[in-house]
Structure formats: C-alpha cells, structure tokens
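A short worksheet on the structure shown next.
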Amino acid sequence: MAGKILIVTYYWPPAGGPGVQRWLKTAKEWQRMGQELTVLTVDPAAATYPVQDESLLQEVAEIRTVTTPATDWFAAYQRLTGRKEVPYSGFANQAGKPGPLQALSRFVRGNFFLPDPRKGWNRHAMRAARQILSEGGYTYVITTGPPHSTHLIGRQLQRETGIAWTADFRDPWTDIYYYDRFYPTPWARAHDRKLERTVLEEARRVLVVSEDLKRTLVGKSIRVDAAKFLVLPNGYDPEDFDPNRNPPTEPHTAVLAYTGTLSLQYPVAALVSSFQQILRQGKSFVFRMAGKPADEAVVALRALEHEFPDAFRLELLGYLPHRESVQLLQSADVLVLLIPDLPNNRGILTGKLFEYLGTGRPIWGFGPETDGDAQLLLLENRAGSLFDPTEDGCQRAAQALQKALDEPGTGAADPSAYTRAALAQKLLNWMQTTLDS
C-alpha cells in the first residue's frame, strides 16, 4: 500500500449530487484494499450544499473523517438575494435573466470572493490538516475541486511540509461554462487565472476527468508539465444497482429517463424538437426526470403534454437519493444524455454518463457529434450516440430514437473498466509507481 493519504474535499456526505461521488467511492474502495486514509471536510452544520443525501452516510461510516467549522460567505449571498436555495451548478435553479439582486450577488461573488465563496473554509481546514499531518505517516495529500479554493489548501500544505500534493479537477476552473455569468472584471479574471496557474504549476501531480480538460489545463502555462497528469474518468459502483431491476419484458409504454441538472445552457430546444417529430409519427412514451431542471425547460416539455395529451407524459421526480436515481436509470428503456450547448464543450464528461453505461441501457441525446469525449466514449462502448443540436441533427436524432423505441436494445456490453473499484486501483497504482519519480 501507499503511505497514508489525506483527502481534502468540501463535498462529502451528507452532501448529495455528483460532486460527492468521485471521492466517496474512491475512499470506500481504498479502505477495502487496506489503504490508510483520512478525509478532511467541512462540518455539515457549517456547509452550504445545493442538495443533501443522508443515505450516503452509511457508505462512509467506516472511513475516518475529520470535520471543521467554516466561515459561511454563502449566508451573505442568501440574505442579499432573499433566496433559501444555494445555487446549483450552472444556476439551474436560477434560470432566465437574473434580477437586479441576483446580478449584483453574482458580481460580488465573481469579483470579491475569489476563487469562490467556499474559501471561507480554508483557514479552518488548514488548522485541522496540519494537526492530521503531525500524526506522521502521511505521504500524499489530494485536493478536489470545485470548489477550486480547496486546491489552495493543498498548495499551502506542500509549501509548508513538502508533502506530495495532487490536485484533482472534476470541472474546469476559469473555463467553466458559466464563468462569465459572474461578471468578472479584468482584474478579477487575471487574479483568478493567476491562482489557477499556481495550482497547476506547483501541484506534484494533477488528475482530470477527460482528455480535453487535460489539454485545456496544460495550456495554461509553459511551466505546466503534461507528464504529471492522469486522466481518471468518473465511474459507477455496481453496488448501487439492483440486479433485478430492468424494463418490463411485456408490452408497455416506453420510458425515457434523465438525471441531473438541466439548465438553459443545455440543448433543451433540440430535445423538444426531436420529441415532437417522433410523437407526430404516433409514438408514445414517458419522460422521467430526476434532479433540478430549470423552470423554462419544464415549461417547454409541459407544452408537449398539451400538444400530445395521449402520447407524452412528463414525470418530474425531483432530487432522489443516489441509489434510487441509479435504479431509475435501470428501469428505463432509453437514457437521455445532454451536453451543454456551449463553446469548448467537447471535453464535458458528466459523472452520470458512467452510471448510464453501467446500466447496460441504450443512451441517446445531444452533444458534440464528431469530436466530443462523451461521443467517443459511447461509440467505443457501443452504448449509443449523441447528435449535434442543429436542424439536421434533430432529424437524425429523432430517427435514431424512433428506431430505439421500435427495436428495444441494450447499451454497453462490458463497462467494467469504469467501475469505481477498477478506477481506484488504477489511481493507487499510479500514485505508487509515479508520484515520487
């Protein structure tokens, strides 16, 4: 085994949503392998999570977890806007044009709380991290972002102690698709980019979820060495699946399922257009959604119910506990995957994509069709296909979906390379063989 590992992560149960899964599952698998580790995270009473999932607590009950207080800068945001909700990724729960208070709060966040408001946790986390490392035996520190302010903890620990620090990027930093919605001034943008560069230059090793994200981050500075990167995609945990859960074998109304965020940056219009085309051909189906869709997306889909009252039904299930969300996917006939329709979106590999693969169900949707990492993954695993959200792409997508409904099939035949156990072992091997080179 490697020396003891300290994992520093803001998102940890009872936090829910995709941000928690990568290191929850990795830590769980490492512990099973006999690897000694400690997780440092924020006290849930002081945290600001968009969603919570209490069911995840049982998965980490045996993992040593140290929690600390945090300075809650999001409380000021909530008082300023009058909102009780913490913003979702991409502002999915704040769709449409922001009001004056929302715009002001975003400007404050994007120019005064750099790199992000959760930096209020850092000084508390640093105090606890120093105490943990003083116990001895720790060889590695791993920080994961977003929030990317967490990487500043790893940077400082490495500067102080020389411990090997790995920065894990689940998403881009200054290239995240909603970055400009914080209205950063030139000064703020330059300062944020400087923080990003120092993290990438100083980290002993860097983990990323996709090849395209690696290309983006390597290009940030001539001092960033591509050789210190490992592309470690997200994955799925077979234990989240019910072996007896499958679509009905007898004739039934087909079910399409979607989980996760659906903000207006996603190709909602293309989705609705393709649905319209096959509904006009006499097809009937149910569209089940778990997660937080933007109100405008719901309105567009509800319009289909009014236009095709006997053929289309929208079921909004809200946020589900993680295991229930996975089992929803298992019981669907087709899984809908949507990649945000934005510049430089070819490297987006959403965490749920690997759970989609794990179900063995066919995958259909919209995203970069020729050079996107998600499309390449689907084609390599013969699991389905994405289409460009253009008029021609919508027509071809509708034809493909109609065929999938006419001829029910299966998705990825053997996605075992993406199990959390396989990925955790790959990462541990990499750390043992390369981290000290």
Is there any pair with a first residue in region 177-196 that is touching a residue at least 60 places away in the same chain (Cβ under 8 Å) and a second that is surrounded by 15 or more Cβ atoms within 10 Å (Cβ to Cβ) and among the small types (Gly, Ala, Ser) whose Cβ atoms are under 7 Å apart and which are 6 or more apart or on different chains, and what are they? TYR177/GLY90; TYR178/GLY90; PHE182/GLY110; TYR183/GLY110; PRO184/GLY110; ALA188/GLY110
Pairs under 7 Å by beta carbon, first residue under 22 Å from ILE278 (Cα atoms) in region 242-254, partner outside any strand (DSSP E or B) and at pLDDT 80 or above, six or more apart or different chains? PRO247/SER331; PRO247/ALA332; PRO247/ASP333; THR253/SER284; ALA254/ASP333; ALA254/LEU405
Cβ-Cβ under 6 Å, sequence separation 6+ or interchain: first residue in region 205-221 and outside any helix (DSSP H, G or I), partner of a type in the set (Gly, Ala, Ser) and buried (at least 17 other Cβ atoms within 10 Å of the Cβ). Which pairs? VAL206/ALA167; SER210/GLY347
GLU369 being in contact with a helix residue (DSSP H, G or I) (Cβ under 9 Å, 6 or more places away or on another chain) and closer than 30 Å to GLU250 by Cα: no
Within the bounds of region 67-74, is there any residue that is at pLDDT 95 or above, touching a strand residue (DSSP E or B) at 6+ places or on another chain (Cβ under 7 Å) and not acidic (Asp, Glu)? yes
Residues located in region 14-66, provided they are in a strand (DSSP E or B) and farther than 21 Å from GLN131 by Cβ: ALA15, GLN52
Evaluate the following for ALA226: is it touching a Cys at 6+ places or on another chain (Cβ under 9 Å), of a type outside the set (Val, Ile, Thr) and either in the same structural domain as PHE113 (by TED's automatic domain parsing) or in contact (Cβ under 8 Å) with a residue 40 or more places away in the chain (or both)? no
Extreme residue, surrounded by the most Cβ atoms within 10 Å (Cβ to Cβ), among residues of region 162-213 that are of a type in the set (Gly, Ala, Ser) and either assigned by TED's automatic domain parsing to the domain that holds LEU378 or within 21 Å of PRO233 (Cα to Cα) (or both): ALA167
What about ASP242, is it charged (D, E, K, R), under 26 Å from LEU24 (Cβ atoms) and part of a loop (DSSP other than H, G, I, E, B)? yes
Regarding LEU264, is this residue assigned to a strand (DSSP E or B) and under 28 Å from PRO368 (Cβ atoms)? no
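The values are calculated or read from the model by the stated rules, or taken from the named source; none is laboratory data. What you see is a predicted model; the values in this text were computed from it and never measured. Cβ coordinates were reconstructed from backbone atoms using ideal geometry, including for glycine residues, and neighbour counts include every protein chain displayed.
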